[in-house]
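Take a look at the structure set out below.
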Amino acid sequence: MTRALISIGTNSTRLLVLDGSRRLAAESRGTRIGQGLGADGTLAADARERTLAAIGDYVAIARERGARAIDVVATSALRRAGDAAAFGAEVAGLTGIAPQILSGAEEASFSFLGATAARGGQREIAVLDVGGGSSDLAIDTPAHAREAGTVRRTISCEIGAVRLSERHPALLGAGPLDEHARNALEAQARSDVARVLAPYAAQRGFAELIVVGGSAFTAAAMVANGMRDGTAMTRDDCAHLISALLARGLEERKRLPHIRPQRADILPAGLIVIDEACRLLDVDRFTVSEADLLLGYLNSPAFRSVVLLPAQ
């Protein structure tokens with residue numbers, strides 16, 4: 001059966017449509033529902049409008065691709081929003097179901113199941129999902145996670161590319177920064193991230209690190225001259241990209257090859273989070289996976305399989 005999943009992330013709203021294991025559609029739009037949200041605020045009116053517009057378009061695409069079932073999930077921003085239920089009712093008006101708001105542990109688990117879907121064996125693997133609002137780490141063997149449907153170790157920390165950028169606005173690219181300013185800004189941001197991600201330091205000893213999320217996808221495309229699933233990156237790659245991005249204002253960043261304009265402002269923050277996570281995990285090298293939370297959730301028993309009604 002052809003099925004569709006919409007994911008409402010802090011920075012991006014995404015769609016995945018599968019027929020069995022065959023991907024019929026994969027879309028991402030920078031709607032930034034977490035814009036200015038803070039710890040427990042309300043969703044900005046323009047962010048709601050952008051997100052609902054994307055969801056309406058995605059429902060139409062899902063119908064065009066022949067989807068017969070649909071589900072909607074949401075992550076960090078809607079975990080924090082005081083008006084998440086009211087917004088969920090608006091989403092339900094478009095899709096037939098209110099979003100399932102995933103906990104941090106669930107987000108980490110589904111990201112692991114998606115990123116390791118094609119893996120087997122008993123080697124312990126770590127999957128790090130750096131989103132706009134949170135960073136979620138899961139560690140297990142693919143075989144155990146697939147059999148149990150859960151992951152042995154998960155840690156979710158409320159820091160991501162959007163939240164870090166809003167806490168350190170100079171990262172967003174209002175103008176290019178000289179070397180002294182870059183170093184000072186980066187040191188402040190790294191100190192902030194290291195404090196939030198401190199629990200990661202106890203999570204070592206795994207065989208491989210896989211990183212997923214928009215910041216990782218974009219960085220991998222820039223490093224490899226085009227996104228290739230399984231692209232290898234190092235901490236040196238992160239450091240070079242962070243410096244190059246901070247040396248440019250936002251409009252100049254948007255003109256760099258392989259960077260999505262919707263991510264040019266928050267990419268330095270996303271890379272700082274990735275690099276600090278690697279430092280705390282004592283990892284210098286990681287691979288970037290295109291498969292992530294959406295695939296993991298869509299192929300799990302958690303998928304609610306709501307009938308997608310024809311357009312009226």
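The values are calculated or read from the model by the stated rules, or taken from the named source; none is laboratory data. Everything numeric here is computed off the predicted structure, so don't read it as measured data. Note: ideal-geometry Cβ built from the backbone for every residue, glycine included; neighbour counts use all protein chains shown. Only protein heavy atoms, including side chains, enter the accessible area calculation; ligands, DNA and RNA are left aside. Shrake-Rupley method; radii C 1.70, N 1.55, O 1.52, S 1.80 Å.
Report ³J(HN,Hα) in whole Hz for each residue of the stretch 17-27, in order, from the Karplus equation J = 6.51 cos²θ - 1.76 cosθ + 1.60 where θ = phi - 60°; Gly and Pro get x.
Result, rounded to whole Hz: 10, 10, 10, x, 9, 8, 7, 9, 7, 8, 10.
At what distance in nm do the modelled label points of ALA202 and GLN100 sit from each other, each positioned 7 Å from its Cα along Cα→Cβ?
With each label point 7 Å from Cα toward Cβ, the separation is 2.9 nm.
Skip the ligands, DNA and RNA, and give the accessible area per residue of the stretch 77-186 with a 1.4 Å probe, whole Å². Please report the intermediate quantities before stating the final value.
Values: 4300 Å² over 110 residues.
The answer is 39 Å² per residue.
Taking the Cα centre of the stretch 98-142 as origin and charging only Cβ (+1 Lys, Arg; -1 Asp, Glu), how large is the dipole, in debye to the nearest 20? All intermediate terms of the calculation are to be shown ahead of the outcome.
Numbers: 2 positive and 6 negative charges, 35 e Å.
Roughly 160 debye for the stretch 98-142.
Would you please give the residues with an amide H less than 5 Å from that of ALA25, counting only those at least 5 places away or on a separate chain, with H modeled from the backbone geometry?
Amide H neighbours of ALA25: VAL17.
Can you work out ³J(HN,Hα) from phi for every residue in the stretch 157-173, in order, using Karplus 6.51 cos²θ - 1.76 cosθ + 1.60 and θ = phi - 60°, giving whole Hz and x for Gly and Pro?
10, 7, 8, x, 5, 6, 5, 5, 4, 6, 7, 9, x, 5, 5, 6, x
I want to verify a result. In a Gaussian network model of the chain, Cα cutoff 10 Å, which of these has the top mean-square fluctuation: ALA84, ALA92, ALA74?
With Cα springs under 10 Å in the chain, the top fluctuation among ALA84, ALA92, ALA74 is at ALA92.
Arrange the peptides 170-176, 284-290 so that the one whose residues have, on average, the most other Cβ atoms within 10 Å appears first. Before the final figure, lay out the partial values.
On the way: 170-176: 17.3, 284-290: 19.7.
Peptide ranking by packing, descending: 284-290, 170-176.
What is the extension gain from GLU158 to ALA244, computed as 0.36 nm multiplied by their sequence separation minus the C-alpha to C-alpha distance, in nm to one decimal?
Numbers: separation 86, 0.36 × 86 = 30.96 nm, distance 2.63 nm.
Difference between extended and current length: 28.3 nm.
Between GLU251 and SER305, what is the spin-label point distance in nm, taking each point 7 Å from the Cα along the Cα→C-beta axis?
5.3
For the stretch 7-47 and the stretch 101-120, what is the centre-to-centre distance using only Cα atoms, to the nearest Å?
Taking the Cα centre of the stretch 101-120 as reference, the centre of the stretch 7-47 is 17 Å away.
Specify which residue in the list GLY114, ALA81, ILE55 is farthest towards the positive end of the charge dipole of the stretch 54-149, using unit charges on the beta carbon of Lys, Arg (+1) and Asp, Glu (-1), about the Cα centre.
Working it through, the farthest residue towards the positive pole turns out to be GLY114.
Of GLU208, GLU49, GLU64, which is the most mobile in a GNM of the chain whose springs link Cα atoms less than 10 angstrom apart?
Greatest mean-square fluctuation among the candidates belongs to GLU64.
I'd like the carbon and sulfur percentage of the solvent accessible area for the chain, probe radius 1.4 Å, heavy atoms only, ligands and nucleic acids excluded. Show your work: numbers first, answer last.
Working: 6290 of 12520 Å².
Percent of accessible area from carbon and sulfur atoms in the chain: 50.
Of the beta bridges DSSP finds with both residues in the chain, what % are antiparallel, to the nearest 5?
If I count the DSSP bridges inside the chain, around 70 percent turn out antiparallel.
Could you grab the relative contact order for the chain? Cα pairs under 8 Å, six or more apart, rounded to a whole percent. Show your work: numbers first, answer last.
Numbers: 678 pairs, mean separation 63.7, N = 312.
Rounded, it is 20 percent for the chain.
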